[in-house]
Amino acid sequence: MAELSVIGISHQTAPVEVREGLALASDEAARVLAGIRAENVFDEALLLSTCNRTEVYFVPRTEADPLAYFLDHVARVKGVRPAAGADIFYRRDDADAVRHLFRVAASLESQIVGEHEILGQVKDAYHLAVEARTTSALLNKLTHWAFRVGKRVRTETDLGAGSASVAAAAVDLARHIFSSLEGKTVLLVGAGQTAEAAARALLASGADHLIVANRTLHRAQQLAYDLAHETIGRAATERAAAEAVGLDAIPETIAKVDLVITSTAAGQAVLTWPDLAEVLRTRRGAVLIIDIAVPRDVDARLGSLDNVYLYNIDDLDRLVRRNLERRRQDIPKAEAIVEYEVGRFGRWLASRQAAPTIRLLQQHLATIQKKHIDRYGKQFSQADRTQLEQFTQAMCKQILHTPLALLKELSADAAPSERLAAVDLVRRLFDLDALEDEQPG
Amino acid sequence: MADLLAIGNWLLPLLYLVLLVDYGATFFLRMRTDARSPWLLVVVAAHLAFLVLRGVHIGYLPVTNAWETASVLALATAGVYAWVELASRDRRTGVFVLLLAFLFQYTSSMLLAGRVAEPSEVSPGAVGMWARLHVVPALVAYTALAFAGVYGLLYLLEHRGLRRHRFGVLFDRLPPLDVLGPMAWHALLTGFVAMTVAIAVAPLLLGDGDGEMTAKVISKIIAGSVAWVVYAVAILGRWLGKWPASRISTIAVAGFIVVMALLTVSGLLS
């Protein structure tokens with residue numbers, strides 16, 4: 001039986017209509033974990049559910065079919081059994097399961113490789129499992145190791161560098177002009193999924209004032225209300241502000257905004273040179289204008305003003321493609337880090353077996369005995385010294401008898417988590433990790 | 001002592017070069033941008049020790065000619081940058097500032113090679129009270145204006161890159177415009193004030209010496225006045241005309257070139 005396994009589905013193995021049947025909200029995941037904890041099938045469990053994957057990492061206690069068991073619990077919580085065949089689930093055991101979690105945390109398994117949210121999602125999943133008390137020695141160590149791997153890949157490679165969506169590219173560009181988006185005002189002209197996503201991303205990154213300009217004021221008010229409550233309202237209610245204006249109010253509005261996103265279906269320029277050139281020229285400070293509309297909403301001549309940074313959808317697309325290419329080039333580097341850490345984790349896990357610990361403990365006591373015999377033995381005759389050696393050997397054996405018997409027993413009968421916890425305690429009590437590090441090879 | 005000074009004179013540009021390579025790697029290879037470099041502080045301390053030793057050995061403050069001043073400028077530039085790095089925890093602009101420090105020190109070391117342990121031909125005017133009151137603000141001005149030049153140049157590079165939609169190394173690595181712009185502006189303002197004090201004291205300095213209007217003195221007066229006017233125009237433009245940061249940065253770069261010309265001319269004529 002494997003010591004650690006993972007079963008799950010992801011965007012690579014299942015279409016969205018199957019994934020959504022297994023996607024678990026935070027409270028649902030907590031209830032699934034509570035159900036798992038009440039039974040004795042998994043010794044430890046960690047449940048990760050995002051829009052792209054639902055997977056459970058577990059330390060099995062019995063030979064029961066983990067997939068059927070997990071789906072039962074999901075069905076109990078959701079009230080309906082997910083319509084997912086066993087063939088779309090993947091299962092990885094031991095080192096492969098470790099590798100899988102490290103790859104997930106490093107964002108190598110994400111739909112957009114290098115995206116930043118996954119590490120936070122793994123952390124949330126871990127906190128949920130800790131609250132549900134379904135983690136112990138093995139998953140605690142593994143998950144913290146995975147956090148480090150995710151962080152290492154992020155800092156040592158370009159896997160997460162740059163923006164990978166039009167919305168993120170808007171934030172990226174804004175951050176090259178403004179050191180902080182706090183206190184900045186965003187003007188959203190028109191509507192549309194991409195423009196709203198860009199406005200949402202800017203607000204989520206710190207901008208705290210939103211003005212929506214639309215042909216119909218009612219639509220502008222509705223959109224301003226929705227976006228403000230969805231983003232800034234949640235982050236900084238007391239500072240947040242949102243207002244709506246008609247398209248004819250743009251000339252007087254643009255003087256007081258820092259970022260403009262336009263996406264109307266007007267079919268002709270909405271931000272025109274005669275209307276805005278003078279206002280923009282005389283305003284203090286830079287303004288970033290992102291024109292997502294096709295045909296374009298912004299008169300290209302406005303981009304010639306010294307304090308105007310104008311980008312259209314092609315510019316953003318070029319930036320995103322360049323960033324994705326950079327990320328792609330760094331995948332081998334990230335994979336090498338993951339493989340290295342999988343090897344290290346494997347060595348750590350092997351050191352937590354009972355046999356090497358017993359051997360190390362015996363060596364440790366023998367070293368202490370020899371050190372003291374060498375130090376004090378000179379005061380004794382040869383015969384007394386031999387007796388002293390026999391006496392101290394017997395004493396060491398006696399001291400070690402109970403811990404060694406316990407370790408052997410745990411090795412034979414106990415669940416991996418229980419054994420790991422016991423071995424870990426012994427190693428900490430006798431500082432065996434430091435001793436192992438000192439040994440050659 | 002003479003040997004020690006000779007070794008120090010030879011070693012200092014090398015140390016700045018090593019720093020430059022380290023900061024170059026940070027910038028171009030995107031390594032450890034938030035890590036503070038202990039080596040920078042080591043080099044600054046070593047440089048300070050070298051100048052103190054040299055001052056003790058030759059018996060005067062080593063700022064009597066342009067080549068000695070260049071070494072002090074290298075130290076001041078590196079020292080101020082070390083402070084900026086400690087405060088901002090961002091070492092991305094280090095390569096540009098330290099390039100300047102390296103060039104200052106390299107120039108100084110090359111021109112002092114073989115006579116680093118010997119006193120220069122010090123004019124009586126160079127050691128008087130007015131001289132000291134001129135030299136200190138002048139050094140502050142040179143350093144601040146060097147910073148204004150470097151950060152102004154970085155601002156212009158990023159500003160133009162963003163306007164031309166170029167997404168290259170500079171786009172990835174440079175701090176945002178509203179960090180670079182104010183840095184250039186504040187450095188320019190500091191440099192201008194210090195330069196004004198140095199220029200105001202300059203006529204009194206002539207009284208310390210023989211009062212002779214040598215070619216060196218005349219060149220310094222002309223170049224210094226030109227640089228002062230350039231910076232004054234920038235400051236008035238910003239205060240009265242609300243000039244944009246790009247124009248102020250252009251002037252900071254131009255002014256720095258004039259100031260460097262001033263230093264070079266006065267060095268060649270000394």
Any aspartates and glutamates whose Cα falls less than 19 Å from that of B:Lys242, other than same-chain ones fewer than 8 residues away, would be A:Asp258, A:Glu278, A:Asp306, B:Asp178
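Would you mind calculating the gained length between A:Arg215 and A:Trp348 on full extension (0.36 nm times residue separation, minus the Cα-Cα distance), in nm to one decimal?
Details: separation 133, 0.36 × 133 = 47.88 nm, distance 6.34 nm.
Gain on extension, A:Arg215 to A:Trp348, equals 41.5 nm.
Label the stretch A:2-93 by shape, choosing from rounded, prolate and oblate, from the square roots a ≥ b ≥ c of the eigenvalues of the Cα gyration tensor; if a/c is under 1.5 it is rounded, and otherwise prolate applies when a/b is larger than b/c, oblate when it is not. Each step should come with its number before you reach the end.
Values: a/c = 1.68, a/b = 1.25, b/c = 1.34.
Here the stretch A:2-93 falls in the oblate category.
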So for the pair A:Thr62, B:Leu4, with labels modelled 7 Å out along Cα→Cβ, what separation do we get in nm? 8.1 nm
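Relative contact order, percent, of chain A when contacts are C-alpha pairs under 8 Å separated by at least 6 residues?
On the way: 663 pairs, mean separation 59.6, N = 441.
Worked out over chain A, it gives 14 percent.
Using DSSP, restrict attention to beta bridges with both residues in chain A and report what percent are antiparallel, rounded to the nearest 5. Intermediate values should be presented prior to the final figure.
On the way: 17 of 43 bridges.
Around 40 percent of the beta bridges assigned by DSSP in chain A are antiparallel ones.
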Between the stretch A:111-186 and the stretch A:198-220, what is the separation of their alpha carbon centroids in Å? 25 Å
Dipole magnitude of the stretch B:1-122, debye to nearest 20 (Cβ charges: Lys/Arg +1, Asp/Glu -1, about Cα centre): 420 debye
What share of all Cα pairs of chain B, in percent, falls into each consecutive 5 Å distance bin? 1, 6, 12, 16, 17, 16, 13, 9, 5, 2, 1, 0
Round to the nearest 0.05 the FRET efficiency obtained for A:Ala394 and A:Lys371 when R0 = 30 Å and r is the Cβ-Cβ distance. 0.95
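Let me have the relative contact order for chain B, percent, based on Cα pairs under 8 Å that are six or more residues apart. Intermediate values should be presented prior to the final figure.
Numbers: 344 pairs, mean separation 59.5, N = 270.
Relative contact order comes out at 22 percent.
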So how far apart, in nm, are the two label points at A:Ser381 and A:Ala83 if each is 7 Å from Cα heading toward Cβ? 9.3 nm
Per DSSP H run of at least 4 residues, take -39500 (n - 2.57); add these up for chain A, divide by its residues and hand me the 222 nm value, nearest 500 deg cm²/dmol. -18000 deg cm²/dmol
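If you take the beta carbon distance between A:Arg281 and B:Val197 as r and set R0 to 30 Å, what does 1/(1 + (r/R0)^6) give as a FRET efficiency, to the nearest 0.05? Can you show the working numbers first?
Working: r = 37 Å, r/R0 = 1.22.
Efficiency for this residue pair is about 0.25.
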Show me, for the stretch A:331-336, the HN-Hα J-couplings you get by feeding each phi into the Karplus relation (A = 6.51, B = -1.76, C = 1.60, θ = phi - 60°), rounded to Hz, glycine and proline as x. 4, x, 5, 5, 5, 5
Under 23 Å from the Cα of A:Lys371, which lysines turn up, not counting those fewer than eight places away in the same chain? A:Lys397
Within a 10 angstrom radius of the beta carbon, how do A:Phe391, B:Phe147 rank from fewest other beta carbons to most? A:Phe391, B:Phe147
Within chain B, what is the longest stretch that has no GluC sites (Glu not before Pro) placed in a DSSP loop and near at most 11 other beta-carbon atoms within 10 Å? B:1-120
Estimated vicinal HN-Hα couplings, Hz - the stretch A:160-165 in sequence order (Karplus 6.51, -1.76, 1.60; Gly, Pro = x): x, 6, x, 8, 10, 8
Where a ≥ b ≥ c are the square roots of the eigenvalues of the C-alpha gyration tensor, would you call the stretch A:264-333 rounded, which needs a/c under 1.5, or, failing that, prolate if a/b is larger than b/c, or oblate? oblate
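Take the alpha carbon gyration tensor of the protein assembly as shown, find the square roots of its eigenvalues, order them as a ≥ b ≥ c, and report rounded if a/c is under 1.5; if not, report prolate when a/b exceeds b/c, else oblate.
Numbers: a/c = 3.57, a/b = 1.29, b/c = 2.77.
Because a/c hits 1.5 or more and a/b fails to exceed b/c, the protein assembly as shown counts as oblate.
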Once amide H atoms are placed 1.01 Å from N in the peptide plane, what residues at a sequence separation of 5 or more from A:Ala242, or on another chain, have their amide H within under 5 Å of its amide H? A:Leu210
With an 8 Å Cα cut-off and a minimum separation of 6 or more residues, compute the relative contact order for the stretch A:267-395 in percent. 17 percent
Return the FRET efficiency for the residue pair A:Glu39, A:Asp413: r is the Cβ-Cβ distance, R0 is 30 Å, and the value is rounded to the nearest 0.05. 0.90
Which lysines does A:Lys151 reach when only Cα atoms under 21 Å apart count, and residues fewer than 8 places away in its own chain are ignored? A:Lys123, A:Lys141, A:Lys333
List A:Cys396, A:Cys51 from most exposed to least, where exposure is judged by having the fewest other Cβ atoms within 10 Å. A:Cys51, A:Cys396
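Among B:105-111, A:62-68, B:73-79, A:199-205, how do they line up by average Cβ neighbours within 10 Å per residue, starting with the highest? Walk me through the numbers before you get to the answer.
Details: B:105-111: 20.4, A:62-68: 13.3, B:73-79: 24.9, A:199-205: 22.7.
Peptide ranking by packing, descending: B:73-79, A:199-205, B:105-111, A:62-68.
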Between B:Leu174 and residues 5 or more places away or on another chain, which pairs have amide H atoms under 5 Å apart, with H built 1.01 Å from N, and which residues are they? none
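Order these by the 10 Å Cβ neighbour count, fewest first: A:Lys151, A:Lys371, A:Lys184.
Working: A:Lys151 13, A:Lys371 10, A:Lys184 21.
Starting with the residue having the fewest Cβ neighbours, the order is A:Lys371, A:Lys151, A:Lys184.
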Residue by residue through the stretch B:258-265, which ³J(HN,Hα) values in whole Hz follow from phi under the Karplus form 6.51 cos²θ - 1.76 cosθ + 1.60 (θ = phi - 60°), with glycine and proline marked x? 5, 5, 5, 4, 4, 5, 5, 4
Divide by every residue of chain B the summed helix terms, -39500 (n - 2.57) for each DSSP H run of at least 4, and state the resulting mean residue ellipticity at 222 nm, rounded to the nearest 500 deg cm²/dmol. -28000 deg cm²/dmol
Using alpha-carbon positions, what is the distance between the centroids of the stretch A:301-337 and the stretch B:3-82, in Å? 38 Å
Taking amide hydrogens as modeled 1.01 Å from N in the peptide plane, which residues meet the under 5 Å criterion relative to A:Phe42, leaving out close sequence neighbours? A:Arg61
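Read-outs throughout are calculated quantities, based only on the coordinates presented, and are distinct from any laboratory measurement. These numbers were taken from a predicted model, which means no experiment stands behind them. Positions of Cβ are generated from backbone atoms using ideal geometry, with glycine treated the same way; all protein chains shown enter the neighbour counts.
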